[in-house]
1. Filter segment 166-184 for residues that are without any contact (Cβ under 8 Å) to a residue 24 or more places away in the chain, among the hydrophobic types (A, V, I, L, M, F, W, C) and closer than 30 Å to residue 194 by Cα and give the result.
2. Hey, does segment 135-150 have a residue that's more than 30 Å from residue 212 (Cβ to Cβ), crowded, with 16+ Cβ neighbours inside 10 Å, under 20 Å from the mean Cα position of the chain (by Cα) and aliphatic (A, V, I, L, M)?
3. I need the full set of residues from segment 196-216 which are part of a strand (DSSP E or B) and either of a type in the set (A, V, I, L, M, F, W, C) or surrounded by 17 or more Cβ atoms within 10 Å (Cβ to Cβ) (or both), in order please.
4. Among the residues of segment 50-78, how many are more than 21 Å from the chain's Cα centre (by Cα), more than 21 Å from residue 109 (Cα to Cα) and not acidic (Asp, Glu)?
5. So residue 160 fits all but one of (1) within 21 Å of the chain's Cα centre (by Cα); (2) more than 26 Å from residue 284 (Cα to Cα); what number is the exception?
6. Looking at segment 178-185, is at least one residue at pLDDT 90 or above, buried (at least 18 other Cβ atoms within 10 Å of the Cβ) and part of a strand (DSSP E or B)?
7. Looking at segment 279-291, which of its residues are out of contact with any Leu (no Cβ under 7 Å at 6 or more places or on another chain), in a strand (DSSP E or B) and within 24 Å of residue 225 (Cβ to Cβ)?
Amino acid sequence: MHGKICRFLIAFGALLLVVLAPRVAHAQAPVDIFELEYEYDPPSPIQDPEGANQEHLEIQTSTLNTSLVYPILFENGAIWANGVAYSLTHARYKNWDDATGFLPEDDLPTDFHKLQVQSMVNYHFAEHWSALALAAPGLYSDFADISGEDVGLLAYALVQWHPNYDTIVGAGGMYSDLFGEPLFLPALKFFWTDRDDVYFDVLLPQRVTGYWMNSWIEVGGRLEVSGQTFRLSEDPDTFDSGFLRYSSIYGGPDVHIRLTQKLWLNLTAGRVVARRFEFYDSGNDEIESFNLENDWSARIGLTFRANRIRYTRPGM
């Protein structure tokens with residue numbers, strides 16, 4: 001436990017040093033610098049209810065996401081991007097007071113926090129080859145207190161092949177314990193652009209995105225998989241030092257509208273599927289789990305963006 005806390009503090013301290021350090025090279029930032037997004041998922045009934053006791057149970061979630069990224073670009077073409085992200089998810093439970101055998105709505109956990117630091121390195125080690133690595137440790141809990149059990153980690157490393165100016169193909173591995181258990185998975189990367197107004201960006205098994213764009217609007221879509229395990233430390237005792245595991249898959253169209261030179265309005269509405277709530281006690285034994293019916297989801301946000309990304313290798 002103490003080792004996890006130390007690793008998190010070291011990572012967080014390194015992030016602060018990076019954020020406060022001066023920029024070491026003059027170049028174009030390849031990332032969205034600041035993002036603020038609100039996500040609304042409507043009340044959804046329990047999928048395959050077990051008898052009349054669960055027929056009217058519903059769960060609704062809303063999430064506020066924000067992130068800040070600071071890129072450092074070196075003269076040899078390497079990129080070191082560091083950032084911090086925070087999310088607050090609020091859950092509402094409907095009709096649970098009428099169900100026997102369950103805790104009343106007021107006793108169910110409602111607020112779940114994620115505070116994550118991120119560090120990404122992209123380094124070209126040969127004319128047609130580069131290496132990409134990302135580490136993103138974070139705290140996931142109700143924030144009633146902080147312990148080593150709050151720490152989760154997402155990390156991946158890829159070797160990337162650049163066959164031409166327009167394409168990147170990569171392969172490597174990914175580690176995540178955000179779904180409740182340590183997972184080691186293969187990771188595949190594909191990027192393609194026509195260098196004008198279309199691009200596709202794929203990182204499996206995490207996300208798929210694609211957009212058509214001009215100087216004032218981007219139209220496209222995304223498919224993404226997400227999962228978190230939040231430690232619960234508030235009363236009642238049923239959840240004291242227990243866990244909530246929440247996972248989902250989202251897919252839908254995106255529209256990004258340019259408001260000013262660097263500020264964009266983001267609008268999206270799609271479907272959220274495979275939503276699952278799993279409650280565990282402090283001994284990691286399941287108390288109860290629920291799958292929610294598939295439903296629509298809406299998001300609105302603002303992005304402060306530097307100059308547009310341009311994927312190149314040294315000498316291009």
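1. Selection gives 169, 171.
2. Restricting attention to segment 135-150, the residues satisfying the condition of being more than 30 Å from residue 212 (Cβ to Cβ) are 135, 137-150.
Pick out the ones that are also crowded, with 16+ Cβ neighbours inside 10 Å and you get 135, 137-143, 149-150.
Pick out the ones that are also under 20 Å from the mean Cα position of the chain (by Cα) and you get 135, 137-143, 149-150.
Then keep just the ones that are aliphatic (A, V, I, L, M); that gives 135, 139.
Checked segment 135-150: at least one residue is more than 30 Å from residue 212 (Cβ to Cβ), crowded, with 16+ Cβ neighbours inside 10 Å, under 20 Å from the mean Cα position of the chain (by Cα) and aliphatic (A, V, I, L, M).
3. We begin by selecting, within segment 196-216, every residue part of a strand (DSSP E or B); these are 198-204, 207-213.
Passing the criteria: 198, 199, 200, 201, 202, 203, 204, 208, 211, 212, 213.
4. So the count comes out to 8.
5. (1)
6. no
7. Within segment 279-291, 280, 286, 288, 289, 290, 291 qualify.
So that you can scan it fast, the table gives a plain yes or no per residue for (1) modelled with pLDDT of 90 or more; (2) under 20 Å from the mean Cα position of the chain (by Cα); (3) assigned to a loop (DSSP other than H, G, I, E, B):
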{"position": "218", "(1), (2), (3)": "yes, no, no"}
{"position": "222", "(1), (2), (3)": "yes, yes, no"}
{"position": "226", "(1), (2), (3)": "yes, yes, no"}
{"position": "230", "(1), (2), (3)": "yes, yes, no"}
{"position": "234", "(1), (2), (3)": "no, no, yes"}
{"position": "251", "(1), (2), (3)": "yes, yes, no"}
{"position": "256", "(1), (2), (3)": "yes, yes, no"}
{"position": "260", "(1), (2), (3)": "yes, no, yes"}
{"position": "264", "(1), (2), (3)": "yes, yes, no"}
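The values are calculated or read from the model by the stated rules, or taken from the named source; none is laboratory data. Since this is a predicted model, take the numbers as computed values, not measurements. Note that we place each Cβ from the backbone using ideal geometry, even for glycine, and neighbour counts take in every protein chain shown.
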